[in-house]
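Structure record follows, encoded as structure tokens.
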Amino acid sequence: MPTLFRFLATLAILGGLVFAGMFALATFVQPTPREMSVTIPSAKLQPPGR
């Protein structure tokens, strides 16, 4: 049983570290907005069958 408890504790600690890292990234990193342009081929704009 001590081995199972140690394994579960290790998984809990690793999960907590992953969660803390994601929380820190979501809180402290600010995205930089920029303009985006996408070229659409004219064949995509034509209705099918014409």
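Just give me the residues in segment 1-31 being modelled with pLDDT of 90 or more, open to solvent by 100 Å² or more (accessible area, probe 1.4 Å) and under 17 Å from the mean Cα position of the chain (by Cα), in sequence order.
Residues of segment 1-31 modelled with pLDDT of 90 or more: 3-30.
Imposing the further condition that a residue be open to solvent by 100 Å² or more (accessible area, probe 1.4 Å) reduces the set to 3, 5-7, 13, 17, 19, 22-23, 25, 28, 30.
Leu17, Phe19, Met22, Phe23, Leu25, Phe28, Gln30, listed by residue number.
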Next on the checklist: Among the numbered criteria (1) surrounded by 10 or more Cβ atoms within 10 Å (Cβ to Cβ); (2) over 20 Å from the mean Cα position of the chain (by Cα), which one does Lys44 miss?
Outcome noted: (1)
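The values are calculated or read from the model by the stated rules, or taken from the named source; none is laboratory data. Bear in mind the structure is a predicted one, so any value in this text is a computation, not a measurement. Here the Cβ is made from the backbone with ideal geometry for all residues, glycine too, and neighbour counts use every protein chain on show. With ligands, DNA and RNA removed, areas are computed over all heavy atoms of the protein, side chains included. Shrake-Rupley method; radii C 1.70, N 1.55, O 1.52, S 1.80 Å.
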